[in-house]
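The values are calculated or read from the model by the stated rules, or taken from the named source; none is laboratory data. This structure is a prediction, so every number in the text was calculated from the model and none was measured. Cβ: placed from backbone, ideal geometry, glycine included. Neighbour counts: every protein chain shown. Accessible surface is based on the protein model in full, side chains and every heavy atom, while ligands, DNA and RNA are left aside. Shrake-Rupley method; radii C 1.70, N 1.55, O 1.52, S 1.80 Å.
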Amino acid sequence: MKTNVLIIGSGGREHALAWKLAQSPRIGKLYVAPGNGGTRQVAENIPIEATDIDGLVKFAEKNEIGLTVVGPDDPLALGVVDTFRLRGLRIFGPTRTAAEIESSKAFAKNLMSEANIPTATFKIFSEYNKALSYVRERGAPIVVKASGLALGKGVYVCKTLAEAEGALAEIMVDYAHKEAGNEVVVEEFLDGQEISIHVFCDGKTFVLLPPAQDHKPIHDNDEGKNTGGMGTIAPVSWVSADTLKIVGEQVVRPTIEALTKCGRPFSGLLYPGLKMTSTGLKVLEFNARFGDPETQSYMRLLKTDLLDILEACVDGTLAELAIEWNSGFAVCVVIASGGYPDEYKKGVPLRGVAEAERVSNVVMFHAGTIFENELKTSGGRVLGVSATGNTLRDALNSAYEAARLIQFEGMQYRSDIGAKALSTT
Ligand code: AMP
Ligand code: GLY
């Protein structure tokens, strides 16, 4: 029996998920809502926004969708999983209350402190004056975060007290992130390398994916503003099997148990962002969904049928499934619009994509692209050039060879994806 699948979202992550699901021998019709200029190559794009829950439910019912896969965080926070389940529709992802582990940093921090999960010391504020006194008492460096979802822009890593005061004013006085800033988390600055852990969960069983590393700041050497993510590598060789075991036992298991205990069992994908500090690993944040651009690397390495895994997570049968990975490395280099993560131009024609796709071991995942007679930019992160290789260096060489063939006005990408890992190993 074939299964019709609907993927919700429009980024590189969703293109990578669609690319992998399209290879399943059990896939029926594959749809992406709303999709992008790349997803149309492997699936049918449906013009329904990711946050239009009613529209998505109606589409799933009418088109006999056997599995819906949620890409981004905002439909999860709106309760898309709860709504689909109430209608008897199968959907991969956590319920609204379980997804609060991502959509409320205050909830996540409180849960971590109750469950003894290592994380930066913190305080939560809803009054500006109290937050300001605390920041002045602690001094810089310090990190100020809007608690709610803020398009990845609600976190301020402040090197000086003036920056921290500015961050508080932006969130709590200017209301820059609207109600996402009703609560503010002020926390200790953590030094060290950052890694992304991804975990498949079915509510009881959990399985870790290989470790990945994202590169968040816009410029080389981790300079400039934070973005959604400018490039990834997987696996990260210096993260040992023993370290992963510690992550499983000190972070993942207690988090899943604490969520179950408070009536919010988690199924779907749990993605803790970690810092490897000199005093041990610490959780920076939790996401309740696949990472972007981590997924663009993971899908290149995954051997097992993704449909089998996603269905096992939904059906509670993950313990029965062996998940296999290809050997070697996968990387993704993100090509962004000029100006991103601030203002940028849209509708800029793209050149060289077909040539870049011909580089061996390269698969192009689209993010902010749209096809209107020709391929044009439609977002900040435009393309994810993914490549595999027997070594990390091979994979990076292929990705950069392809990236150099792409041309559009204002384009920018980091030239040092994977460099930290190469110098650590
Ligand atoms: P978050 O959305 O909470 O992961 O924050 C976005 C980014 O800000 C992270 O990926 C880190 O690079 C950085 N960051 C967040 N919290 C801290 C912290 N306590 N110390 C240092 N950097 C942080
Ligand atoms: N890789 C960053 C994110 O997905 O949030």
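Think of a 1.4 Å ball rolled over the protein heavy atoms: segment 183-259 then has 37 Å² of accessible area per residue.
Quick one: Cα centre-to-centre distance for segment 353-421 and segment 294-348, in angstrom? When both Cα centres are located, 15 Å separates them. Close amide-amide hydrogen proximity is noted between Ile46 and Val32, Ala33, each under 5 Å apart and 5 or more residues distant or on a separate chain (H modeled in the peptide plane; Pro and chain starts excluded).
3J(HN,Hα) couplings calculated from phi for segment 342-350 with the Karplus curve 6.51 cos²θ - 1.76 cosθ + 1.60 (θ = phi - 60°) are, in sequence order, 8, 4, 8, 8, 10, x, 7, x, 9 Hz; Gly and Pro show x. Extension gain, Gln407-Lys346: 0.36 nm per intervening residue step, less the Cα-Cα distance, totals 20.5 nm.
Packing around the peptides 393-400, 127-134, taken as the average count of other Cβ atoms within 10 Å per residue, puts them in this order, highest first: 393-400, 127-134. In order along segment 299-305, the phi-based Karplus estimate (6.51 cos²θ - 1.76 cosθ + 1.60, θ = phi - 60°) of 3J(HN,Hα) comes to 5, 6, 9, 6, 9, 5, 4 Hz; Gly and Pro are listed as x.
Computed with a 1.4 Å probe over protein heavy atoms only, the accessible surface of segment 265-413 comes to 38 Å² per residue. Ranking Ala319, Leu111, Gly418 by how far each Cα lies toward the positive end of the dipole of the chain (charges on Cβ) leaves Ala319 at the top. Tell me, rounded to the nearest percent, the portion of alpha carbon pairs in the chain spaced more than 37 Å apart. For the chain, the share of Cα pairs beyond 37 Å comes to 19 percent. Note on Glu163 and Lys204: the model spin-label points, each 7 Å out from Cα along the C-beta direction, lie 4.7 nm apart. Semi-axes of the equivalent ellipsoid for segment 228-303, computed as √(5λ) from the eigenvalues of its C-alpha gyration tensor and ordered from largest down, come to 22, 18, 12 Å. Considering only DSSP beta bridges with both partners in the chain, what is the antiparallel share in %, to the nearest 5? Approximately 80 percent, going by the DSSP bridge assignments. Here's how it looks for Val382: its modeled amide H is under 5 Å from those of Ile335, Ala336, Ser337, Gly368, which are all 5 or more places away or on a different chain. Rolling a 1.4 Å probe across the protein heavy atoms gives segment 1-97 an accessible surface of 40 Å² per residue. Ligands, DNA and RNA left out, the 1.4 Å accessible surface of segment 152-233 is 50% carbon and sulfur atoms. Just to verify a number: FRET efficiency for Ile246 and Thr51, C-beta to C-beta distance, R0 = 30 Å, to 0.05? The computed FRET efficiency comes out at 0.20. Spin-label model, Trp238 to Asp308: label points 7 Å out along the Cα-to-beta-carbon direction sit 3.5 nm apart.
For n ≥ 4 DSSP H runs only, could you compute -39500 (n - 2.57) per run for the chain, divide by its residues and tell me the 222 nm figure to the nearest 500? Helix-only estimate at 222 nm: -8000 deg cm²/dmol.
The gain in end-to-end length when the Ala354 to Asn373 segment is fully stretched comes to 5.3 nm, 0.36 nm per residue minus the alpha carbon separation. Need the C-alpha centroid separation for segment 237-267 versus segment 114-154, integer Å. Cα centres, segment 237-267 to segment 114-154: 23 Å.
Note on Lys58: lysines with a C-alpha under 20 Å away, same-chain residues under 8 apart excluded, are Lys29. Listed values for segment 403-416 are Karplus-derived 3J(HN,Hα) couplings in whole Hz (6.51 cos²θ - 1.76 cosθ + 1.60, θ = phi - 60°), namely 4, 5, 8, 8, 9, 7, 4, x, 4, 9, 8, 7, 9, 10, and x replaces Gly and Pro. Of the solvent-accessible surface of segment 356-425, computed with a 1.4 Å probe and all protein chains present, 44% belongs to carbon and sulfur.
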